[in-house]
Amino acid sequence: MHLHKYEKIWLTFGIGSLILFLTVIGIGAFYKGSQPPSHLATIDPQNVEAHEAFREENLGLRKVGDNEYIVSVVASAFNYDLGKDEEGNAIREIRIPVGSTVLFQVTTKDVIHGFEIAGTNVNMMVEPGYINSLETVMDKPGTYTLICNEYCGSGHHFMATKVEVFEP
């Protein structure tokens, strides 16, 4: 069997690229110990209120330390549940002081949702049965939009709320 000069070059390039790719993946996985994120924090999607973070009184923004906050959110049918205010009305926005360290904890009761604060590094996929969390520093003042970036049904485009990062 005779291979043309250009075929030999492409075969060499392809096999060399494959070997390089597998070497990089192998070093990252075995030597460096890189692993995909695991779902250690699980929850019963039919009873999310049983978990302390998602009880009605703990939803929304909570101060836990000096300039440290936890935001607990339950995503469900075209809505982000952020708790209720003193009058019993649903809270529709999150107000965070600039420079705060914020731990976002999110779960869902029904289907897969997205949790993205546009213009920041906050972006998670929210799956039923799991608690997703992400810690970040909100260091740029402004008004951001919290959107669902995973199609979740016919009312998906209504699933949004405001996040205001303000100067205290």
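The values are calculated or read from the model by the stated rules, or taken from the named source; none is laboratory data. If you're wondering where the values come from, they're calculated on a predicted model, not measured in any experiment. Here the Cβ positions follow ideal geometry from the backbone for every residue, glycine too, while neighbour counts run over all protein chains shown.
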- Those residues of the stretch 131-146 which are in a strand (DSSP E or B) and surrounded by fewer than 18 Cβ atoms within 10 Å (Cβ to Cβ) amount to Ser133, Leu134, Glu135, Thr136, Val137, Gly142, Thr143, Thr145
- Out of the residues in the stretch 32-59 that are modelled with pLDDT of 75 or more and more than 13 Å from Val73 (Cα to Cα), state the one that is surrounded by the most Cβ atoms within 10 Å (Cβ to Cβ). Ile43
- Exclusive hit being of a type outside the set (Ser, Thr, Tyr), closer than 21 Å to Ala53 by Cβ, crowded, with 18+ Cβ neighbours inside 10 Å and at pLDDT 95 or above, set Val122, Val102: Val102
- Item | Residues within the stretch 60-84 that are of a type in the set (Asp, Glu), part of a loop (DSSP other than H, G, I, E, B) and surrounded by 13 or more Cβ atoms within 10 Å (Cβ to Cβ), tallied | 0
